[in-house]
Amino acid sequence: MARASMLLVEDDAALAELLIYHFKREDFEVAHTPDGEEALLLAKEKAPDIVLLDWMVEGLSGIEVCRRLRRMTETQNVPIIMLTARGEEEDRIRGLETGADDYVTKPFSPRELVARVSAVLRRVRPALAGEALTYDDIEMDTVGHKVRRSGEVVPLGPTEFRLLKHFLEHPGWVFSRERLLDAVWGHDSDIESRTVDVHIRRLRKAINIGDRPDLIRTVRSAGYSLDSGA
């Protein structure tokens with residue numbers, strides 16, 4: 001499995017330490033906070049692949065954090081699993097109706113939770129389950145660094161390869177120039193945001209050979225998305 005990033009929002013220090021241990025052992029990248037307000041800031045700064053969210057945390061409640069994550073452009077499609085000691089049916093329904101994808105009642109087995117997280121990620125992010133990424137008629141071999149469209153090899157430069165890989169890992173998601181800079185060039189990059197436009201044009205030119213449909217959608221005032229409805 002490719003490395004997945006997780007935001008863990010849990011104010012029980014002992015439980016958080018236990019979960020961090022188990023998920024890092026499975027090669028997850030884990031960011032942790034016990035505070036609901038800080039969780040929103042962390043998620044906005046860098047959208048995780050999945051959120052583990054306790055119902056009762058410091059600051060904002062887990063339910064309110066879940067509600068706001070679903071309203072934020074950066075995290076509206078990120079899977080959320082709620083952790084809570086509240087096992088009543090009404091509480092579970094409330095959590096799911098607020099936007100949670102799954103609901104785990106305490107106490108639980110860390111190994112079972114790891115399995116459930118992996119199952120959710122396989123469903124919503126198939127790219128995390130293997131070394132080949134596909135979307136529509138595009139195929140990417142992430143190990144061999146090869147891209148094909150309709151079976152034909154597409155030559156890409158290193159930056160365009162990383163850019164396409166990021167899109168293939170998040171099909172349908174809209175990314176601003178700033179988020180693409182962070183994801184593809186890195187936190188410490190001093191490249192101007194307009195540079196993204198240049199590489200998007202290069203990527204489009206490479207993958208749209210032969211008048212093939214343009215799969216990269218420009219979203220006005222928002223950014224770019226890999227979208228077969230483009």
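The values are calculated or read from the model by the stated rules, or taken from the named source; none is laboratory data. All figures in this text were calculated on a predicted structure; none of them were measured in a lab. Please note: Cβ atoms are built from the backbone with ideal geometry, for glycine as well, and neighbour counts cover all protein chains shown. In case anyone asks, the SASA skips ligands and DNA or RNA and just uses the protein heavy atoms, side chains included. Shrake-Rupley method; radii C 1.70, N 1.55, O 1.52, S 1.80 Å.
Filtering the stretch 172-190 for residues that are free of Cβ contacts under 8 Å to residues at least 24 places away in the same chain, more than 30 Å from Leu42 (Cα to Cα) and open to solvent by 60 Å² or more (accessible area, probe 1.4 Å) leaves an empty set. Conditions: (1) more than 21 Å from the chain's Cα centre (by Cα); (2) modelled with pLDDT of 80 or more. Ile93 meets all but one. Number of the miss? The one condition Ile93 does not meet is (2).
If you take the residues of the stretch 101-159 that are in contact with a Pro (Cβ under 7 Å, 6 or more places away or on another chain) and open to solvent by 30 Å² or more (accessible area, probe 1.4 Å), which of them is modelled with the highest pLDDT? Applying the filter and picking the extreme gives Tyr135. Consider Thr33 carefully, then state whether it is modelled with pLDDT under 85 and among the β-branched types (Val, Ile, Thr). For Thr33, the condition - modelled with pLDDT under 85 and among the β-branched types (Val, Ile, Thr) - is not met. Within the stretch 18-55, restricting attention to residues that are without any contact (Cβ under 8 Å) to a residue 12 or more places away in the chain and more than 12 Å from Val114 (Cβ to Cβ), the residue that is surrounded by the most Cβ atoms within 10 Å (Cβ to Cβ) is Glu45.
Could you tell me whether Arg162 is surrounded by 13 or more Cβ atoms within 10 Å (Cβ to Cβ) and either under 24 Å from Ala4 (Cα atoms) or out of contact with any Cys (no Cβ under 7 Å at 6 or more places or on another chain) (or both)? When the stated conditions are applied, Arg162 passes them.
Residues that are free of Cβ contacts under 8 Å to residues at least 24 places away in the same chain, under 17 Å from Gly186 (Cβ atoms) and not basic (Lys, Arg) within the stretch 136-165 comprise Pro158, Phe161, listed in sequence order. Residues in the stretch 58-88 that are in contact with a strand residue (DSSP E or B) (Cβ under 7 Å, 6 or more places away or on another chain), open to solvent by less than 20 Å² (accessible area, probe 1.4 Å) and either outside any strand (DSSP E or B) or not β-branched (Val, Ile, Thr) (or both): Gly62, Val65, Cys66, Leu69, Val78, Pro79, Met82, Leu83. When Gly210 is tested against (1) outside any helix (DSSP H, G or I); (2) surrounded by 14 or more Cβ atoms within 10 Å (Cβ to Cβ), just one condition goes unmet, and that condition is (2).
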